[in-house]
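Rule-based calculations on the coordinates, nothing more; no lab input. Keep in mind it's a predicted model, so treat the numbers as computed, not measured. Here the Cβ positions follow ideal geometry from the backbone for every residue, glycine too, while neighbour counts run over all protein chains shown.
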Amino acid sequence: MSLIIHPEVNKLKEQLTQRIYEYDNLVNHVCPEIERRYVLEFGLHEYKLYSLELEIDKFRRKLHLIQIEINHENEINMDGIDKIIAKEFEEYDKQVQAQIDEINFINENNPEKLSESDSKKLKKIYRCLVKRLHPDLNPNQSLFELGLFYKAVQSFQQGDLRGLESVVAILPDENAEEACEIDNLKKLINDYEELIDKVKKDYPYNKKNLLDNRDDHDKYMSMILELIHDRQKDIEKLENNINGLI
């Protein structure tokens, strides 16, 4: 396809710039904040529920192993049974530990937020830099400009306003508009729209409504707390059954 200059190019570049910015903002700022909120709101309770359900599985397995020994009229070796259970549930215990490690990390690493005005400035500068430096919009850029783009992305990811401003300060003068393939721009816009849709369908973005809607939030929290109470009762029954056999 031949390269052409067309009035639609600027419009398509603006659309692509917005899609790229929206995707980067979702991945680097919106989704991490949603995940942080979700973990702080529900994470500890979900961890407790999962831990209790794991304990129930362990108790049921222990009860089964004890019953086997009784059926074979063997002496019950609790240390041996505990070792078997520890081995069988080793991977599940690692998952539980990873879950609590994530909760602790988020609790201990609550990032400082930019002021509202600085946040708006960060986003405005980044949108401009995306249009000026993103490889999809500037296929003929120099290696120096590509390096500036990666610096801009890193600064945006970290919420580093000063870093973005430094990129602007050393940005070369913009060249005259170059020819661009309209079909390619349209394809890139569609590609980013698909990426954005995927992000919004997946975790953590799919938890946004649960966090923002107070009724849904409270219902989910009540459900978790009720399940925790039920699992605690189940564990008491299993412990009593085991104690009745040994």
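Observations
- FRET efficiency, N209 to Q154 (Cβ-Cβ, R0 45 Å, nearest 0.05): 0.90
- Taking each residue as 0.36 nm, the span from N107 to E8 lengthens on full extension beyond its C-alpha to C-alpha distance by 30.8 nm.
- Note on the chain: dipole from Cβ charges, positive end direction compared against Q141, N71, N10; the farthest Cα belongs to N10.
- With Cα atoms, 0 to 90° folded angle of helix 116-133 axis to the chain main axis: 60 degrees
- Those lysines that a straight Cα-Cα span of less than 17 Å connects to K123, excepting residues fewer than 8 apart in one chain: K113, K131, K151
- Here the contact order of segment 8-243, divided by its residue count and restricted to Cα pairs under 8 Å and six or more residues apart, works out to 41 percent.
- Extension gain, Q18 back to D183 (0.36 nm per residue minus Cα-Cα distance, nm): 57.7 nm
- Nearest-ten-degree value, helix 44-71 long axis tilted from longest Cα axis of the chain: 30 degrees
- Cα shape, the chain, gyration tensor, a/c 1.5 rule: prolate
- Taking θ as phi - 60° and the Karplus parameters 6.51, -1.76 and 1.60, the scalar couplings of segment 88-105 work out to 5, 9, 4, 5, 5, 4, 5, 5, 4, 5, 5, 5, 6, 4, 5, 4, 5, 4 Hz in sequence order, x denoting glycine and proline.
- Note that segment 158-166 has calculated 3J(HN,Hα) couplings of 8, x, 8, 5, 4, x, 5, 5, 5 Hz, one per residue in order, obtained from phi through the Karplus relation 6.51 cos²θ - 1.76 cosθ + 1.60 (θ = phi - 60°); glycine and proline are x.
- Links that overshoot a 18 Å alpha carbon limit, given the list K120/K186; K124/K208; K58/K233; K13/K198: K120/K186; K124/K208; K13/K198
- Top positive-direction residue, dipole computed over the chain with Cβ charges, set H45, N241, Q158: Q158
- Segment 44-80 and segment 123-141 have Cα centres spaced 58 Å apart.
- Computed magnitude of the charge dipole of segment 8-243 (debye, nearest 20; Cβ of K, R +1, Cβ of D, E -1): 700 debye
- Global geometry of segment 133-246, whether rounded, prolate or oblate, following the gyration tensor of its Cα atoms and the 1.5 cut on a/c: prolate
- Residues K48, K13, K87, ranked from the fewest to the most other C-beta atoms within 10 Å, line up as K87, K48, K13.
- Note on H64 and E194: their simple-model spin labels are 4.4 nm apart, each label 7 Å out from Cα toward Cβ.
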